[in-house]
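The values are calculated or read from the model by the stated rules, or taken from the named source; none is laboratory data. Values in this document were obtained by computation on a predicted structure and should not be read as measured data. As a convention, Cβ positions derive from the backbone with ideal geometry for all residues, glycine included, and neighbour counts pool all protein chains shown.
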Amino acid sequence: MRNKFLGTGEDGYHPIRKIKVVLSGLAFAVRYDFSVTYKLIASLGVLIFFSFFRQWIDFLLLLAVTAMMLQAELFNSAIEAVCDFITTRESHKIKVIKDISAAAAGISILIWAVVLAVETYRVARLVVFWLIH
Ligand SMILES: Nc1ncnc2c1ncn2[C@@H]1O[C@H](COP(=O)(O)OP(=O)(O)OP(=O)(O)O)[C@@H](O)[C@H]1O
């Protein structure tokens, strides 16, 4: 509850508490947002194959776009939650805010989906090559 800029709340640096907060946010997203869960599982599956075949450039590329997609999804979910916390009534302003937030998430998801499709094709080729030889 501390704000370092406003000088309110408890003083000091608490890295363990910070990690707990990050994990708690991630757990909320994975548990309650199926669209985040299945995208993470899809990426993790392909990432495991790339680490098995030691294809580190592909691994890092997919890791980067997965992180970008996840960030956008989490920010979008947080903005939606703030909007619904303010009001659940029909509001043109809320609609504009949510649509802009959804557009930002949509762009990241599109880039992630294109990279995932190309990388899945590459993994499939590696697996076939590995099975033949
Ligand atoms: N209070 C509101 N007033 C007007 N339009 C709204 C309101 N809430 C949602 N909308 C419209 O519905 C769309 C979907 O909003 P919603 O909060 O249901 O998110 P969602 O797309 O279902 O996201 P998620 O699947 O991540 O929950 C918004 O982009 C907006 O256009």
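Quick one: would you say Leu62 is at pLDDT 95 or above, touching a Lys or Arg at 6+ places or on another chain (Cβ under 9 Å) and surrounded by 14 or more Cβ atoms within 10 Å (Cβ to Cβ)? For Leu62, the condition - at pLDDT 95 or above, touching a Lys or Arg at 6+ places or on another chain (Cβ under 9 Å) and surrounded by 14 or more Cβ atoms within 10 Å (Cβ to Cβ) - is not met.
What's the total number of residues in region 77-93 that are within 22 Å of Tyr32 (Cα to Cα) and in a helix (DSSP H, G or I)? Of the residues in that region, 10 qualify. Screening Ala81 on (1) exposed (fewer than 13 other Cβ atoms within 10 Å of the Cβ); (2) of a type outside the set (Lys, Arg); (3) more than 15 Å from the ligand (Cβ to nearest atom) shows it passes everything except condition (3).
Number of residues in region 45-78 that are touching an Asp or Glu at 6+ places or on another chain (Cβ under 8 Å) and either within 16 Å of the ligand (Cβ to nearest atom) or under 17 Å from Ile109 (Cβ atoms) (or both) equals 5.
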